[in-house]
Amino acid sequence: MNTILWDGENIFPEKIESFKKFLRKYLTSVSRIELLQDTQFHYDPESDEFLNSEIQEYYYLWSIT
């Protein structure tokens with residue numbers, strides 16, 4: 001059974017906190033921070049994936065760079 005880390009309820013691993021900071025900074029720099037409005041960063045550490053598909057797409061690109 002997978003453990004899901006819920007944004008606001010759990011402490012994320014350092015790598016995920018780094019990604020969250022990067023994504024917020026990036027979206028702010030391109031004036032698109034509203035894309036994160038009301039978006040939760042729910043993360044599955046066993047599969048190294050976010051439950052939100054849009055965040056997962058950014059995370060995938062960030063993780064391969």
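Let's see how each residue does on (1) open to solvent by less than 90 Å² (accessible area, probe 1.4 Å); (2) touching a residue at least 12 places away in the same chain (Cβ under 8 Å); (3) of a type in the set (F, W, Y):
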residue: L36; (1), (2), (3): yes, yes, no
residue: F41; (1), (2), (3): yes, yes, yes
residue: F50; (1), (2), (3): yes, no, yes
residue: Y60; (1), (2), (3): no, no, yes
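Matching residues to (1) in contact with a Phe, Trp or Tyr (Cβ under 9 Å, 6 or more places away or on another chain); (2) within 17 Å of D7 (Cα to Cα); (3) modelled with pLDDT under 90:
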{"site": "T28", "(1), (2), (3)": "no, no, no"}
{"site": "E34", "(1), (2), (3)": "no, no, yes"}
{"site": "H42", "(1), (2), (3)": "yes, yes, no"}
{"site": "F50", "(1), (2), (3)": "yes, yes, no"}
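Of note, Y59 does not satisfy the criterion of being in a helix (DSSP H, G or I) and at pLDDT below 95. The residues of region 19-34 that are open to solvent by 40 Å² or more (accessible area, probe 1.4 Å), assigned to a helix (DSSP H, G or I) and touching a helix residue (DSSP H, G or I) at 6+ places or on another chain (Cβ under 9 Å), listed by number, are F22, R24, Y26, I33, E34. Residue count for region 1-31 satisfying the condition of being of a type in the set (D, E) and under 10 Å from the mean Cα position of the chain (by Cα): 2.
The values are calculated or read from the model by the stated rules, or taken from the named source; none is laboratory data. A quick note: this is a predicted structure, and the numbers were derived from the prediction, not measured. Neighbour counts are summed over all protein chains in view; Cβ atoms, including those assigned to glycine, are modelled from backbone coordinates with ideal geometry. Just so you know, the surface numbers come from the protein's heavy atoms only, side chains and all, with ligands and any DNA or RNA stripped out. Shrake-Rupley method; radii C 1.70, N 1.55, O 1.52, S 1.80 Å.
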